[in-house]
Structure formats: C-alpha cells, structure tokens
Amino acid sequence: MRHSKLALVLLGAFTLLASPALATNGHQLAAIGPYQAGMGGATTAAPFDTTTIISNPAGIALINPRADINAEAFMPVRTVDFGATGGQSDQGGSPLYLIPSVGMASGIDGTDWAVGGGVFLTSGMGVDYSTIDSVPFGAQGGNFTPWKANLYSQYQLWKVAPAIAKKINDNLTLGAALNMDYQQMALKMKFSDPTSANYMGVDMSRAAGAMGFGFSLGAIYKVNDMFQFGATYTSEQSFSDIEYRLSAGDVAFPNGQGQAIVSGNDTYKLKMNFPQQAALGVAITPMAGLKITADYKWINFKSTQEKINLTGNYALVSQTTGAVVGSTTALPIAMGWDDVSVIAVGVEYKVSDGATVRAGYNHGNSPIKAEDVFNNLALPAIVEDHIGLGADFRLGSNWELDLAYLRALKKEVTGSGDMMGQTSGAKIGLEGSSLTLGVAYNFGK
C-alpha cells in the first residue's frame with residue numbers, strides 16, 4: 001500500500017469532537033460525508049469514497065485507493081410547544097454543529113484484497129430549551145398553574161471501523177468491518193410546580209459514555225455494465241453500561257401506585273444498545289456518465305429504544321405522606337420507538353472528466369408516534385424527508401474537492417394520551433440543513 005505516511009498524517013489530523021444535534025433517520029445520520037449526502041444516502045450498491053466502510057464494506061475493493069476528510073456543518077431548528085395545554089413554546093439550542101469523519105482505503109498490491117478504516121460520527125441528537133411553562137400535572141378541571149419544564153439532551157455515537165474486502169470474481173465482492181463504538185448521553189427532563197416544592201423527572205445532564213462493539217457485512221454483485229446490486233447487514237451494537245453519578249432526587253418519578261421512585265446519592269447504570277439494521281440497493285448505469293441508485297434500509301429501533309432501564313438503588317416514597325415505604329432497583333424509561341424503514345434514491349451525472357453533480361431524496365418514517373411524544377420531548381428524532389444536492393471536482397491528478405447540501409424538511413408530531421390526569425397536547429418539531437465539505441487524495445492504482 002502506497003503513500004502510507006500521508007494516510008497516517010490524515011488520520012492523525014482527526015482531532016475534532018462534535019456535539020451533534022438530531023440526526024435524521026431516527027437519530028442515525030441519513031448520510032455520512034458529501035457523496036452520501038448528495039445521493040440522498042442511496043449508496044449501498046454504488047461505492048465511491050471511504051464512507052462505503054459504513055454503508056457497505058465490500059465497496060472498498062471497488063473504489064480507487066484514497067483518503068477522505070469530511071466536515072459537515074449541521075444547522076437544526078428544534079421546537080417544543082405546550083400551547084395546547086396553556087403552556088409556552090420554545091425554539092432553542094445551539095444553531096450550528098460540526099460533524100467530522102475521516103477514512104482511507106486501498107487495495108493490497110498483487111491480490112484481490114482491499115483494506116481500509118476510518119472514524120465516523122454516525123448518530124446524534126440534542127436539544128437545549130429555555131425553562132418554560134408546560135403541562136398542569138394533575139389537573140382535573142378549573143384553573144391550574146402549568147409546571148415548569150427544563151429539557152436538555154445530548155447524544156452522540158462514534159465508530160472506529162477497520163474493514164477488509166475481497167473480489168471473489170469479476171461479478172461478486174464481499175466485505176466486512178469491525179465496529180468499535182463509543183456513545184455518550186446526557187438527558188434532563190424535569191418538571192417542577194412553581195407553587196410548591198413538587199417536581200418530577202430525570203436529571204442526568206452530566207454526560208457519561210460507554211464503549212461498544214459490533215460488525216457489518218456487505219456484498220456487491222455486478223450483473224453487467226448497467227446493473228449492480230448491493231446488500232449489507234450491521235449487527236446490534238452491544239454496549240457496556242453508561243454509569244451516572246446521581247445526587248439524591250435527581251430522579252423522581254411516580255410509579256402510578258401512589259408512590260414516587262426517587263434516586264439517592266449513588267451510581268446508576270443505563271443499558272442502551274444500538275439497533276441492528278439491513279439494507280438492499282441497486283445502481284443502474286443506463287448510459288455513460290449517468291448513474292441512478294435506489295436503497296431500502298430497515299433499522300430495528302424497537303429492539304433497543306422501545307424501553308430502557310436505569311438501574312440502581314431507589315427509594316419508594318409515598319406521594320401522600322412523603323415517607324419512605326420501600327425500595328426498588330430499576331426505573332423503566334419508556335421511549336416507545338418503532339422500527340424505521342428508509343427509502344432513498346439518487347442520481348449522478350458526470351459533467352466532464354473533472355466534475356460530477358448529484359441529487360438525492362431520502363424518506364424514513366418517524367420512530368416516535370403521537371402516544372410517545374411526551375416521553376421524547378428532549379429527543380425529537382422525527383424528521384422523515386430529506387433532499388440532497390452534491391458535486392465533486394478533480395483538482396489536478398490526485399486531489400478532489402467534494403461538496404453537498406442536505407435539507408431535512410420540517411416535521412411536527414402532536415402528543416396524545418393521558419399522563420397523571422392531564423391530556424398531552426405537547427408538540428415537537430424538527431427541521432434543518434447541512435453543508436458538507438470533503439477533501440480527498442486519490443493515490444491511484
């Protein structure tokens with residue numbers, strides 16, 4: 001493998017950390033890097049750069065040897081609105097986030113094997129709202145004072161992914177990648193009665209993280225010069241417990257039996273894996289310079305984000321007398337997420353030997369339904385539709401400049417259901433735009 005010193009420099013330059021806002025297929029990025037963004041994420045059967053390590057590791061044996069550095073500026077607009085129940089609304093949080101990635105891949109001289117690897121931020125979400133009036137908990141009619149809502153979240157997931165691939169024959173290529181993961185989570189959903197000392201919710205706003213592992217497998221089959229198919233499977237990413245050092249009362253939540261589950265001064269553990277997923281794709285080249293792609297992806301959020309447990313030593317406190325009446329070791333957090341199905345299409349046209357333009361569309365159903373809005377006020381992973389535009393330009397014989405714009409179209413969900421005697425009318429919303437710049441060095445063959 002040539003130019004190894006340059007590759008090491010590029011990897012060593014990757015020192016940026018990001019606090020991402022909400023990603024777009026659930027909390028997973030709809031696209032990683034400028035090529036995927038320009039194609040709407042429809043790249044399972046059409047590898048082009050080192051982001052194929054994440055979308056389909058078999059692709060590293062089919063691209064030119066190269067190294068990529070990408071930086072995405074994501075600009076989200078998040079809203080929460082309690083107006084239907086007499087509360088307030090807010091549009092808050094940081095307006096700009098940086099999402100970087102870096103990768104390299106090359107064939108092994110004299111063989112049909114290729115190796116590669118990279119560091120990718122693949123998932124994230126976050127809000128930081130002002131303290132506002134929310135739902136008047138316990139209201140059964142008459143005039144009641146809305147409780148104050150303090151909502152904050154920050155989640156991110158990084159992957160270090162070494163990959164290997166082999167051309168089995170002129171038609172079939174297989175690949176695999178090891179996923180070494182790190183996730184970090186901070187969450188605060190606290191509601192307080194301004195007329196008393198009553199409050200409820202969780203305050204885990206001091207971020208904590210955990211390591212995890214998984215794998216991905218991929219295949220690409222070239223039927224002929226016009227048709228190429230791709231398939232990939234990524235396992236559930238198994239994480240160690242995220243450990244939070246909580247203070248007395250950081251967690252206080254009613255259990256529906258006249259008692260509140262209340263934390264003490266102790267360490268509490270959150271077990272949260274990342275879901276398995278699978279994708280199928282096709283790439284069609286009807287004429288020289290024109291490529292059309294389509295993908296279907298399934299993300300199994302229901303298996304990992306439907307309900308998670310925060311375990312530790314809790315006291316059971318009577319909501320009538322305030323006396324400790326027992327203990328428990330688990331607080332179930334009902335996120336209620338459903339599986340997500342994604343359909344993506346993309347088209348690229350080679351304008352000249354030095355320039356290619358792209359456009360794409362991505363639709364994935366929201367994992368959060370109306371009945372689960374209240375449990376996800378700080379986690380509004382609801383965007384469904386995205387439009388992407390992109391281009392790449394060759395700069396001399398080796399360098400390449402890649403650009404993309406991705407728009408997440410506005411989506412709102414209004415809550416339903418009953419919570420402590422109060423009908424939920426909370427509404428959450430999300431939209432946003434991203435600009436991605438990539439610089440690549442093509443080693444050549």
* If you check THR320 against the conditions, is it within 25 Å of ASP181 (Cα to Cα) and touching a Gly at 6+ places or on another chain (Cβ under 9 Å)? -> no
* To do: For residues that are more than 17 Å from TYR244 (Cβ to Cβ) and either over 18 Å from the mean Cα position of the chain (by Cα) or aliphatic (A, V, I, L, M) (or both), tally how many sit in segment 267-282.
  => 5
* Among (1) in contact with a Phe, Trp or Tyr (Cβ under 7 Å, 6 or more places away or on another chain); (2) crowded, with 17+ Cβ neighbours inside 10 Å; (3) touching a residue at least 60 places away in the same chain (Cβ under 8 Å), where does VAL262 come up short? -> (3)
* On the given criteria, is LYS148 in contact with a Leu (Cβ under 7 Å, 6 or more places away or on another chain) and surrounded by fewer than 21 Cβ atoms within 10 Å (Cβ to Cβ)? -> no
* From the options PRO194, PRO162, residue that is under 30 Å from PHE82 (Cα atoms) and without any contact (Cβ under 8 Å) to a residue 60 or more places away in the chain -> PRO194
* Identify, please: which residue in segment 398-445 is modelled with pLDDT under 90 and assigned to a strand (DSSP E or B) and is, among those, surrounded by the fewest Cβ atoms within 10 Å (Cβ to Cβ)? -> ASP418
* Any hit, segment 16-35, residues being over 16 Å from the mean Cα position of the chain (by Cα), more than 28 Å from LYS291 (Cβ to Cβ), modelled with pLDDT under 95 and surrounded by fewer than 16 Cβ atoms within 10 Å (Cβ to Cβ) -> yes
* Asked: Can you name the strands (runs of 3 or more DSSP E) wholly within segment 168-260 that have at least 2 residues being aromatic (Phe, Trp, Tyr) and at pLDDT 95 or above?
  -> 199-222, 227-234
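I'm trying to understand the selection: among the residues of segment 180-213, which are hydroxyl-bearing (Ser, Thr, Tyr) and either crowded, with 17+ Cβ neighbours inside 10 Å or closer than 19 Å to ASP250 by Cα (or both)?
SER192, SER196, TYR199, SER205
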* Asked: Across segment 265-297, which residue is nearest to LEU187 (Cα to Cα) among those that are crowded, with 21+ Cβ neighbours inside 10 Å and polar (S, T, N, Q)?
  -> GLN277
* Here are some residues: LYS302, LYS271. Which one is among the charged types (D, E, K, R) and touching a Pro at 6+ places or on another chain (Cβ under 9 Å)? -> LYS302
* Which pairs have Cβ atoms under 6 Å, sit 6 or more apart or on different chains, and link a residue in segment 242-258 that is at negative phi to one that is assigned to a loop (DSSP other than H, G, I, E, B) and surrounded by 15 or more Cβ atoms within 10 Å (Cβ to Cβ)? -> ALA248/GLY264
* **Residue selected from segment 169-179 under the condition touching a residue at least 24 places away in the same chain (Cβ under 8 Å) and loosely packed, with under 15 Cβ neighbours inside 10 Å, by the criterion nearest to the chain's Cα centre (by Cα)** => LEU172
* **Residues located in segment 170-206, provided they are of a type in the set (A, V, I, L, M) and out of contact with any Leu (no Cβ under 9 Å at 6 or more places or on another chain)** => LEU172, LEU178, MET180, ALA186, ALA197, MET200
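Within segment 347-361, is even one residue closer than 28 Å to GLY92 by Cα and surrounded by 21 or more Cβ atoms within 10 Å (Cβ to Cβ)?
No, because not a single residue in segment 347-361 is closer than 28 Å to GLY92 by Cα and surrounded by 21 or more Cβ atoms within 10 Å (Cβ to Cβ).
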* Please go through segment 69-125 and pick out each residue that is modelled with pLDDT of 90 or more, under 23 Å from the mean Cα position of the chain (by Cα) and of a type in the set (Ser, Thr, Tyr). => THR79, SER101, THR122, SER123
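The values are calculated or read from the model by the stated rules, or taken from the named source; none is laboratory data. Computed from a predicted structure; not experimentally measured. Cβ atoms come from the backbone with ideal geometry, glycine included; neighbour counts cover every protein chain shown.
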